[in-house]
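K.L.:
Structure in structure tokens, see below.
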Amino acid sequence: MKVELENVKPMEIEKRSFEIITEELGDTPLIPGTELIVKRCIHTSADFDYAENLCFSDGAVEKAMEAIRNGACIVTDTQMAKAGINKRALARYGGEVYCFMSALAKKNGTTRATACMDKAAEMDEKLIFAIGNAPTALVRLYELIEEGKISPELIIGVPVGFVNVVQSKELIMHADVPYIVAKGRKGGSNIAACIVNALLYMIDNRRD
């Protein structure tokens with residue numbers, strides 16, 4: 001079997017990928033200022049549904065970038081998401097990435113994800129949450145917000161799965177907090193990290 005391949009140099013693959021994404025999106029309407037985030041999620045997943053299912057609260061992108069510039073830290077619910085975030089870029093603004101999942105055992109019948117959100121609520125930091133796996137983390141964040149125990153700079157709510165995933169995302173979209181949420185079942189730790197990196201990339205581009 002003969003397959004014709006595009007003659008693309010390794011250094012140009014990402015550029016060509018984004019050209020293809022732009023071409024295939026065509027006239028699909030995207031919220032001004034969110035285009036790069038949407039395209040990077042598509043690039044990460046090869047899934048064009050993100051052009052339709054990514055939801056942004058008013059001003060979420062600008063608020064998140066301002067928080068990062070002012071030293072906000074990132075809390076994730078998986079080591080995979082933590083590993084995928086560009087920590088060197090974040091450190092330029094004084095931020096760090098935290099994931100407490102490995103350090104906390106399940107207690108009192110709650111999940112580790114719930115315990116991790118409780119631990120994060122005790123931190124004296126500006127926080128952005130990047131949740132790509134555990135809907136229970138989003139549910140606990142919603143409760144902490146309602147109880148006045150935490151006020152995140154942004155919640156990236158993109159857990160993937162079938163049980164309580166859709167409902168947990170809907171909760172965050174009804175909380176009084178900036179959010180970027182992937183409605184429906186799709187998402188993942190790679191998408192959570194991708195969104196953080198897209199925000200960092202946008203900030204760095206504005207510096208140039």
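K.L.:
Which lysines, on any chain, are close to residue 15 with Cα under 19 Å apart, when same-chain ones fewer than 8 places away are left out?
P.N.:
Answer for residue 15, where 19 Å is the Cα cut-off: 39, listed by chain and number.
K.L.:
Mind putting a number on the dipole of region 141-205 about its Cα centre? Charges go on the C-beta only, +1 for Lys and Arg and -1 for Asp and Glu, and I need it in Debye to the nearest 20.
P.N.:
Once rounded to the nearest 20, the dipole reads 360 debye.
K.L.:
Related question: With the radius of gyration and the Kirkwood radius both derived from the Cα set of region 169-208, what is their ratio Rg to Rh?
P.N.:
1.08
K.L.:
Along region 53-61, what does the Karplus equation 6.51 cos²θ - 1.76 cosθ + 1.60 (θ = phi - 60°) give for ³J(HN,Hα), rounded to whole Hz, x for Gly and Pro?
P.N.:
Couplings: 9, 6, 10, 10, 5, 4, x, 4, 5 Hz.
K.L.:
Right, here's the next one. Can you give me the long-range amide H partners of residue 98? Hydrogens built in the peptide plane at 1.01 Å from N, cutoff under 5 Å, separation of 5 or more residues or another chain.
P.N.:
Excluding prolines and chain starts, which carry no amide H, the hits are 74, 75, 76.
K.L.:
When the accessible area of the chain is split by element with a 1.4 Å probe, what percent falls to carbon and sulfur?
P.N.:
Summing carbon and sulfur atoms, their accessible area is 49 percent of the total for the chain.
K.L.:
Sorted by mean Cβ packing within 10 Å, highest first, what order do the peptides 120-130, 155-165, 2-12 take?
P.N.:
155-165, 120-130, 2-12
K.L.:
Still on this structure: Pick from 169, 186, 119: which is most flexible by mean-square fluctuation in a GNM of the chain where alpha carbon atoms under 10 Å apart are linked?
P.N.:
Of 169, 186, 119, the Gaussian network model singles out 119 as fluctuating most.
K.L.:
Kindly provide the helix-only [θ] at 222 nm of the chain, computed as the sum of -39,500 (n - 2.57) over DSSP H runs of four or more divided by all residues, to the nearest 500 deg cm²/dmol?
P.N.:
That calculation yields -14000 deg cm²/dmol at 222 nm.
The values are calculated or read from the model by the stated rules, or taken from the named source; none is laboratory data. Keep in mind that this is a model prediction, so the values were computed, not measured. Cβ: placed from backbone, ideal geometry, glycine included. Neighbour counts: every protein chain shown. When the accessible area is computed, the model is the full protein with side chains, heavy atoms only, and any ligands, DNA or RNA have been set aside. Shrake-Rupley method; radii C 1.70, N 1.55, O 1.52, S 1.80 Å.
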